[in-house]
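Throughout, read-outs are computed from the coordinates displayed, never taken from laboratory work. If you're wondering where the values come from, they're calculated on a predicted model, not measured in any experiment. We place every Cβ from the backbone using ideal geometry, glycine too, and count neighbours over all the protein chains shown.
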Amino acid sequence: MSEENNDNGQNKTLDGVVDRLEKHGMSRRQALKAIIASGLGVTVSPLVSRVAWGAEGPGGLPLARPGEPVTLPMNGSPIADGLKPESGTFTVFNYADYLYKSILDDFGAKYDVDVQLTTFANMDQCVTKLANNDVEVDVTEITPDRLTQVTAGKLLQPINHSYIPNLEKNVWPELHSPFYDRESRYTVPYAVYTTGIGYRGDKISEDIPNMDNPWSIYWNAQEYAGYTGVLNSPRESIGLAMLYRGKTNLNTENPDDIDQALEDLKALVDICNPQVNLTQYQTLAQGKSWLHQSWSGDPLMNVWWYLPEGQTADSIQYWKAPRGMGPIQNDCWAVPQMSQKPVLAHLWMNHILDSKNALSNFVNFTGYQPPINSVTPQKLIDDGTIPKHLSSCISEPEDLGPDSLQYMTLTSEGQRMWQDAYARFVSGA
Amino acid sequence: MYPRWLWKALAFPGVLWLVLLFVLPFYAVIAVAFGTVDPIFQNPVPIWNPFNWNFDNTREILAQFLPGRRYWTVFVRTTTYIAFAVSISLLIAYPVAYYISRHARRTKVLLLVLLVLPFWVSYLMRMLAWVGLLAPDGFINSFLIWSGIDESPPNWLGGHDGTVIYALIYGYIPYMVLPLVAALDRIDKSLIEAARDLGMTARQTFFRVTLPMSKMGILGGCVIITLPMFGDYYTPNLVSSSPSTSMLGNQIYLYFHGGPQPDVGATLTVVLAIFLSILMAYYLYSVAKAQKDLQ
């Protein structure tokens, strides 16, 4: 296609966006101003095209997908280079039990500040508290599927990479400019994990990794009834049923696909009566569950922290789907607009991406791998950090390619469909 | 002489308490149920003016409670669990209360203290203790295997109706015993003596005098434990977490806990409140009738 044709196409698409905004009560001039102010019309052609065919996320921003990267609009400017760190109390906003205290203490000692941790129970609570100013925090954990929402709501400030040399130095190249945040305008990565099947090798007789369709183990798990579990998450549980059917579009908003997944999940109640919870990081080791949909950090936590005396590590197994056939995701750090200590927030990001700190946080506490170059399966096996049979718990940079399966932001209608289907599943109706 | 307004003024703290801690929060829930949702953050946006309320959602959700529809199964399951739990609680609590009221003389205070003792430990901790006991390798199963009662006992935490009902009974039974003790204590002993003097057997005295006169305690205890059970979501979560034992409270929690439909959670809360207010109306009617009968 010639450049001229391409320009014409873009102009037509831009017209489409303007038309849509006009329909939402804006004048044509206001709509154009809004597009120009957000920088979308100039810098974000993928955004324009996606909006045009209807895949708008919150605030009309585009929905990022692994093969369809998005550059988020800048909400203000990053802090200037070379500023001195602030003093006082620095507040980190994160899940409970998802950060090694020693890392916080080291940061406080290094910059001579008090560091405190404020926690949230889930990402909904995180976003709500940030949006309502219910907390005063300086740096926050955030997941990529919420990035569109918090950017549209102007809850984050752009970051200045000059404070975070460890991003380029230590982090996987695939995450220097990730698809959900091109140019890493707002985020740096924190942990990366796959979703697979955690199971007890001494209780499950099937050779799960060598099954034609390992996801189907749940639909053949009659003899493990009462000892099976799926993740207490609308996306993950419905995604499990989709993968069972070989459907790899985990961001689908096709009602037929969602209905089919719901029917398959409902069938599980009679087959193996699965528990729907997030306790798999300990229940596999404790023998309360034998087959549980798990994140890749969970088997490691089972082995490291919860294995009863006398039980060997090889009782805990983890099956990870082949590349592009199972979910992989990562968490991030970002600086909220409300941050009173943005310099420290940047330095925190650099601190957590330090290879030594990242590894310590992983192996001493969270069990969730940082996407750091020096953290490789072979190295972790060689130094005895993880047992060889759990090397599948460790992801590699290539796992994050454009064909990777990642749960990302849905439209409002899509979110409603997924939530309703999940609510029906867990109601046992 | 005291001024007449003084007696009305004494009610002020109670009225204030009710307004601040019940009326306003409940109005907020209604405003959320009939309100909208922030398009970006998906937070509830309450509509405070009743003239602007949107009832479409409520109509749709109410329709889903009909047989065969979306909430029918979970509603029936919840009601069944609670009916069993309340009935069994009553069967256990009444003899205990009767004993404390009638036969425990010097040990009465001690027994009452022991009854209140569970309140000193949080509900969550008490339930977690039972999770440990009911675990596949917990004391219950170890005992069953050791005693030869069951060589391969079930996983009690693997989604059993009985486990959830049992947990509800365990969690709420102290609330049933206390009103019963109070009701039985209030029965004038001379009435019982009169019944026996007039030739009634002990059994007849119980069924014709004691039981009818403790009806208010029975109803009060049932109401006190029924109301929180209907909103309970953590008990099935802790001892089962299976869809097959999910209760209506779990659905409310799910919609409030996150996602784009907090208004659905609020609407379910309102629907549940309406249902419970029907039960409460019966309770209040019974109280009024019982008081009239006594006069």
Under 30 Å between C-alpha atoms is the cut-off here; go through chain B and count lysine pairs that meet it, provided they're at least eight residues apart or on different chains. 9
Shielding of A:223-235 by partner chains, average beta-carbon count, 10 Å: 3
Alpha carbon centroid spacing (whole Å) that separates region A:335-351 from region A:97-160: 9
For chain B, what are Rg and Dmax over the alpha carbons, in angstrom? 23.4, 77
Sites residue A:374 and residue A:117 - FRET efficiency at Förster radius 41 Å, r taken between beta-carbons, to 0.05: 0.95
Stokes-Einstein D in µm²/s, Kirkwood radius over Cα pairs - region A:373-429 at 37 °C with 0.692 mPa s viscosity: 221
Förster radius 25 Å - calculated FRET efficiency between residue A:340 and residue A:109 (Cβ-Cβ, nearest 0.05): 0.75
Its Cα gyration tensor gives region A:43-199 an equivalent ellipsoid whose semi-axes in whole Å, largest first, are 27, 19, 17
Above 18 Å lies some portion of the pair distances; for region B:71-222, what is it as a whole percent of all C-alpha pairs? 68
With bins of 10 Å, the percent of all Cα-Cα pairs of region B:158-295 per bin from 0 is 11, 28, 28, 18, 11, 4, 1
Mind checking the alpha-carbon convex hull of chain A and giving the volume per residue in Å³? 159
Using every alpha carbon pair in region A:271-417, what percent of pairs falls into each 5 Å bin from 0 up to the bin containing the largest distance? 2, 8, 14, 17, 17, 17, 12, 8, 4, 1, 0
Geometric extent, Cα atoms of region B:1-96 - Rg, Dmax (angstrom): 21.3, 65
Under 16 Å from a point placed 7 Å out from the Cα of residue A:381 along the Cα-to-Cβ direction: which residues of region A:310-342 have their backbone N that close? A:314, A:317-320
With +1 on each Lys and Arg Cβ and -1 on each Asp and Glu Cβ, and nothing else charged, work out how big the dipole of the protein assembly as shown is about its Cα centre, in Debye to the nearest 20. 3440
Can you give me the C-alpha center-to-center distance between region B:237-276 and region A:197-275, rounded to a whole angstrom? 24
Residue by residue through region A:411-425, the couplings from Karplus 6.51 cos²θ - 1.76 cosθ + 1.60 with θ = phi - 60°, in Hz, x for Gly and Pro, are 5, 4, 5, x, 4, 4, 4, 5, 5, 5, 4, 5, 4, 5, 4
Give me the one-decimal nm value for the distance between modelled label points at residue B:128 and residue B:76, 7 Å along each residue's Cα-to-Cβ direction. 3.7
Just how many % of Cα pairs in the protein assembly as shown lie over 38 Å apart, if you round to the nearest whole percent? 48
For region A:156-285, restrict the atom set to alpha-carbon positions and state the Rg and Dmax in Å. 19.0, 57
Computed over region B:124-176, the convex hull of the Cα set has an average projected area, in nm², of 4.0
May I ask for the distance between the Cα centers of region B:170-188 and region A:358-372, given as a whole number of Å? 54
Where a ≥ b ≥ c are root eigenvalues of the Cα gyration tensor, a/c under 1.5 meaning rounded, otherwise prolate if a/b exceeds b/c and oblate otherwise, region B:9-55 counts as prolate
Please give the charge dipole size of chain A, origin at the Cα centre, charges +1 on K and R Cβ atoms and -1 on D and E Cβ atoms. Round to the nearest 20 debye. 700
Quick check on the exposure proxy: order A:331, A:181 from fewest to most C-beta atoms within 10 angstrom. A:331, A:181
Tell me, what is the FRET efficiency for residue A:249 and residue A:74 to the nearest 0.05, using R0 = 30 angstrom and their Cβ-Cβ distance as r? 0.45
In Å³ per residue, the alpha-carbon convex hull of region B:76-152 encloses 158
Among B:255, B:282, B:94, which comes first, second and so on when ranked by fewest other beta-carbon atoms within 10 Å? B:282, B:94, B:255
Taking region A:149-213, the equivalent ellipsoid from its C-alpha gyration tensor has semi-axes in Å, biggest first, of 38, 16, 11
Mean other chain Cβ within 10 Å across A:415-428 is 6
Which percentage, to the nearest 5, of the DSSP beta bridges contained in chain A is antiparallel? 60
Using θ = phi - 60° and the Karplus curve 6.51 cos²θ - 1.76 cosθ + 1.60, what whole-Hz ³J(HN,Hα) does each residue of region B:57-67 get, with Gly and Pro shown as x? 4, 5, 4, 4, 5, 4, 4, 6, 8, 6, x
The answer for residue A:90, listing residues at least 5 apart or on another chain whose modeled amide H is closer than 5 Å to its amide H, is A:114, A:115, A:116
Give the Kirkwood hydrodynamic radius (Å, one decimal) of region A:86-126, defined as one over the mean of 1/r across all pairs of different Cα atoms. 10.8
Considering only DSSP beta bridges where both residues belong to the protein assembly as shown, give the percentage that are antiparallel (nearest 5). 60
Prolate/oblate/rounded label for region A:259-312 (Cα gyration tensor, a/c 1.5): prolate
Starting from the Cα of residue A:356, draw a straight line to each of the lysines and keep only those under 28 Å, dropping any in the same chain fewer than 8 residues away. A:84, A:101, A:110, A:169, A:320, A:341, A:379, A:388
